[in-house]
Every structure is written in structure tokens, then in C-alpha cells.
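Peer 1: Quick one: the structure is below, and I'll ask about it shortly.
The values are calculated or read from the model by the stated rules, or taken from the named source; none is laboratory data. Every value quoted in this text rests on a predicted model; they were computed, and no experiment measured them. Using ideal geometry, Cβ is built from the backbone for each residue, glycine included, and neighbour counts are taken over all protein chains shown. Remember, those area values only see protein heavy atoms, side chains included, never the ligands or the DNA or RNA. Shrake-Rupley method; radii C 1.70, N 1.55, O 1.52, S 1.80 Å.
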Amino acid sequence: MKKRFPIVILCAMVLVFSEAKSQSLQRVQFDFYGDTLQLPFESASYVDFTGALSETSVQSFYDQVNNSHFEPVVNALLEAKEKDKLDDWLYYQLIRKAAQSISPKATNYQRYTLYKWFFLCKSGYDAIITIHEDKVLFYVQSDELIYNIPYRVKNGKQYICLNYHDYGNIDFTKTSFEVVPVVVPEAKKAFSYRITRLPNFNSNDYQEKDIQFTYNENEYHFRVKLNSQVKTIFANYPVVDYGTYFNIPLSSATYGTLIPSLKQKVKGLSVKAGVDYLMHFTRYAFLFKPDEEVFGQEKRLSPEQTLLYENSDCEDRAGLFFYLVKEIYNLPMIVVEYPKHVTIAVKFDKPYGNTITYNGMKFSICEPSSQKEDLRIGQRLPSLRHTHFDIPYSYFPQNK
């Protein structure tokens, strides 16, 4: 015979269970580039990682979080990724924000890093943890060419370090990091550094910047909306190949306040004259300074970063010029890389000056960086006329 409980007791039991469940479930809230996100996070998923760093302690951390009710957090992160169409780099920034809200970096760096690794793995990405004494390095598998960042090869696959910047310089010839052999079945996907769109920033987070330059003895002014959060997004973004870097888009408000204005300025001009106008814009609207003086190391700026920063170098001007010509004229272009200089060559209907032949087509040099003399389309720097160059990237419009 089944034992019956009074309805009052049953209601009380349900109430107690509901209260216990609500007490264990927390809402982690943070701002993500203009959006306020709330993540459901159970207290059981919070692991007090305070012991020594070891294979055993990392495995224990993984097991404890993995055996908790962590799925709502990862599902919420993936839903935000899908809703906002976040590329992998932007999704990683979202994970960083979530980990920071759960376990602040300054309070416990190791735990903060392990949460990032856990969330990235559970999102399907192939990521690994390596340790040496109290240091923990976090890598993600990527098939792309990434520069100036430590990497390692495991089972024939390349893994790029995501948190090397937090330690500064590590001498890997003297310091050996061991891979922690944690098996995460769903962690299979390669990570991409390609960025096809920037977040939909809050309109109130933009500020206007006056960008001006002189062309044919006339002064031109542009009031461009810029968002300083772009600097944060790319703060630890590595040096990527030219195909990735030159195709990073502008945010919507920046695009809307610059590109239509430039199109209006070149309206009625020949294609050559319009490209010449854009070439002079990138030459003289910004101050020149090498990356080593500004950032202490090589750093390729996206087009929007070049607009944001007061100083930029030849690679940054080349990237901005490439983006503007592509957006306004959509002409075939090649990147011309010398040992200490980068410039752009454009294919016009008619070649101009000393051309570079590539794939049977003639491209005219369009120097987007300021020089001692005002170079015209088709003119190379005199100091580089006999210098070897490479063509690391070419662009051919689909409709050409």
C-alpha cells in the first residue's frame, strides 16, 4: 500500500525544494559592449581553486564543474553568440567577461583562466591547459597563421596561446610547460581569428572625432563617430595574416559617418582621381609613428583602430587604404611587402607609372603612407626601386 502525504505537506515540500533551487541558482550579470547579459550560474559550479597548481588539481577543477549543473551557462553563452553573430574572437571576449564575473582575474588568476578554458571547451573548441609551477598557459587549436604569439604542436595540430600577454616574457628554452591531459569529448572545433563584423555598440558609447587633411590645397574635414571599446576588443588580438587583417570591417556607426562622406567627396571624379583622393586621406589625416614606439611591439591595426589612434605606421595606413578602396571602388589589389615597408598596388582599367605584374595583370603602386615627396599613383619610393618584395595577399572582387 502506497504511503500518502497530506496535500499541505506536499505543498510545503515543493516550496522548500523551489526555495533551495532558487538559492543555488544565481544570476551573473555583466555588460558586453552595450548589451547587458545575464547568465544562470549554480553555486555548485563555483569551485574554490586555492591549492597548488598540478595535473591533479586541474583535473579536479574540471570534474567538479563538469559534474555540476553548468549547462545553462554554456547554453546562454552560445545563444548570445548565435543571436549577435559573434565570430570566434568576439565569442572569446564574451567568455572572458563571463569568467571575470564569476571569478575575478585579480582575485584568483588561475581559477579565472580555468573557467575560460572550461567554457571554451564546453562550447566545442579544442583548447588545452599547460602548467609550470604556479603559471598556467591556455591554448586553443587554430589552423591559421598567427604571429608574435607562442604556439605549440600537439598530435600534429597547432595550438595558439590565448593568455601569454598576462605573463609578459617567458623564456621557453628554460621553462618547460606540461600539457594537462584532461579529456573533453566535445572539444573538437578549431578556433578562427577572422572577424567579419563588430558588435552593435550602444549609440551613446560613440564620440565624434574631427579628421582632417589637405588635398590639392583644399582642406577637408570629416566628423567620424568612433567607439573606444574597439581598442579593448583588439587589445590582445595577435598579428594575423594580411587577408584576415585587411578585411576587418568598421562598426556600423563609424561606417555610416565616414564611407558615405568619402563617397560624396569622390563623386564625379574619375576612378584614378578618386583613388588618389583616398590615398592622400590615409597619408595626411594621421600622424606617423612606428608600432614599437606606440605599443612596444609589432601590432597591426584594423581600419577602425587606425581611425581611433592618433599615430599609425605604414601597415596600418595600407590596411585602411585597402578597406576604403575596396568599399568605395571594389578594385583588384595586391599587398606589396618589402623588408621594412608595406604598400598597396591597385589594378585600374589603364595602368599608371611603373607597374607590378601579378597573375598576368598590371597593378599600379598607390602609396598610402606619407613620404618626403608627394608620390603620385604609379610611383614607387626611390629607395625601394631595386629592393626585393613579396605579395602576401591579393584581392579580386567576385563581380569583376
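Peer 1: For the charge dipole of the chain, defined by +1 on Lys and Arg C-beta atoms and -1 on Asp and Glu C-beta atoms about the Cα centroid, which residue among Phe191, Pro397, Phe41 has the Cα displaced farthest towards the positive pole?
Peer 2: Pro397
Peer 1: Would you mind checking which residues have amide H under 5 Å from Leu162's amide H? H placed 1.01 Å from N; only 5 or more apart, or other chain.
Peer 2: Phe138, Tyr139, Val140
Peer 1: Moving on to the next point. How much area per residue is accessible in the chain when the probe is 1.4 Å and only protein heavy atoms are counted (Å²)?
Peer 2: Normalised by residue count, the accessible surface of the chain is 50 Å².
Peer 1: Cross-link candidates for Lys157: which aspartates and glutamates have Cα within less than 20 Å, leaving aside residues fewer than 8 places away along the same chain?
Peer 2: Partners found: Asp88, Asp126, Asp143, Glu144, Glu178, Glu186, Asp241.
Peer 1: Which trypsin sites (Lys or Arg not before Pro) from segment 219-280 combine a DSSP loop assignment with at most 11 other Cβ atoms within 10 Å?
Peer 2: Passing both the DSSP loop test and the Cβ count: Lys267.
Peer 1: Given Cα pairs under 8 Å that are at least 6 residues apart, what percent is the relative contact order of segment 328-400?
Peer 2: 36
Peer 1: With the chain treated as a Gaussian network of Cα nodes joined by springs under 10 Å, which of Leu307, Leu331, Leu226 yields the largest mean-square fluctuation?
Peer 2: Leu331
Peer 1: Spelling out what I want: for every residue of segment 315-321, take phi, set θ = phi - 60°, compute 6.51 cos²θ - 1.76 cosθ + 1.60 (Karplus), and round to whole Hz; glycine and proline get x.
Peer 2: Computed from phi, the couplings for segment 315-321 are 4, 5, 5, 4, x, 5, 4 Hz.
Peer 1: Normalised by the number of residues in segment 72-197, what is the relative contact order in percent for Cα pairs under 8 Å and 6+ residues apart?
Peer 2: Relative contact order here is 29 percent.
Peer 1: Which distance in Å, rounded to a whole number, links the C-alpha centroids of segment 157-173 and segment 221-283?
Peer 2: 32
Peer 1: Another question, then. Could you work out the pair-distance distribution P(r) of segment 227-283 from its alpha-carbon pairs, with 5 angstrom bin width and percents rounded to whole numbers?
Peer 2: Per 5 Å bin, starting at 0, the Cα pair percentages come out as 4, 14, 17, 21, 20, 13, 7, 3, 0.
Peer 1: Let me ask something additional. Give me the base-10 log of I(q)/I(0) for segment 192-341 at each q in 0.12, 0.13, 0.14 Å⁻¹, Debye formula, one uniform scatterer per Cα, rounded to two decimals.
Peer 2: Debye intensities relative to I(0), on a log10 scale: -0.49, -0.58, -0.68.
Peer 1: Mind putting a number on the dipole of segment 142-238 about its Cα centre? Charges go on the C-beta only, +1 for Lys and Arg and -1 for Asp and Glu, and I need it in Debye to the nearest 20.
Peer 2: Using Cβ point charges on Lys, Arg, Asp and Glu, segment 142-238 gives about 440 debye.
Peer 1: Could you give the dipole magnitude of the chain about its Cα centre, charging the beta-carbon of Lys and Arg +1 and that of Asp and Glu -1, in debye to the nearest 20?
Peer 2: 1000
Peer 1: Hey, what angle do you get for helix 71-83 against the long axis of the chain, alpha-carbon based, 0 to 90 degrees rounded to 10?
Peer 2: 20
Peer 1: Could I ask something else about it? Quick one: grab the alpha carbon gyration tensor of segment 302-400, order the square roots of its eigenvalues as a ≥ b ≥ c, and give me rounded if a/c is under 1.5, else prolate or oblate depending on whether a/b is larger than b/c.
Peer 2: oblate
Peer 1: For Phe234, what is the net charge nearby, where nearby means another residue's Cβ is under 15 Å from its Cβ and Lys, Arg count +1, Asp, Glu -1?
Peer 2: My count for the surroundings of Phe234 gives -1.
Peer 1: Against the longest alpha carbon principal axis of the chain, how many degrees, from 0 to 90 and to the nearest 10, is the axis of helix 252-266 turned?
Peer 2: 10
Peer 1: Still on this structure, please answer the following. Please compute, for the alpha-carbon atoms of the chain, the extent along each of the three principal axes and give them in descending order in Å.
Peer 2: 98, 51, 37
Peer 1: With charges only on Cβ, +1 for K and R and -1 for D and E, what is the dipole size of segment 305-400 about its Cα centre, in debye, rounded to 20?
Peer 2: Here segment 305-400 has a charge dipole of around 440 debye.
Peer 1: Give Lys209/Lys326; Lys225/Lys372; Lys116/Lys188; Lys97/Lys299; Lys116/Lys299; Lys154/Lys189 a once-over and call out the pairs whose C-alpha atoms are over 20 Å from each other.
Peer 2: Where the Cα-Cα span goes over 20 Å, the pairs concerned are Lys209/Lys326; Lys225/Lys372; Lys97/Lys299; Lys116/Lys299.
Peer 1: Using a 1.4 angstrom probe on heavy atoms only, work out the carbon and sulfur share of the accessible area of the chain in %.
Peer 2: Carbon plus sulfur share of accessible area: 49 percent.
Peer 1: Take the Cα coordinates of segment 113-183, assign each an equal point scatterer, and use the Debye formula without solvent to give log10 I(q)/I(0) at q = 0.22, 0.23 Å⁻¹.
Peer 2: -1.05, -1.15
Peer 1: Run the numbers on the chain and let me know its relative contact order in percent, using alpha-carbon pairs under 8 Å that are six or more apart.
Peer 2: 10
Peer 1: So what's the angle, to the nearest 10 degrees on a 0 to 90 scale, between helix 109-122 and the longest Cα principal axis of the chain?
Peer 2: It works out to around 90 degrees.
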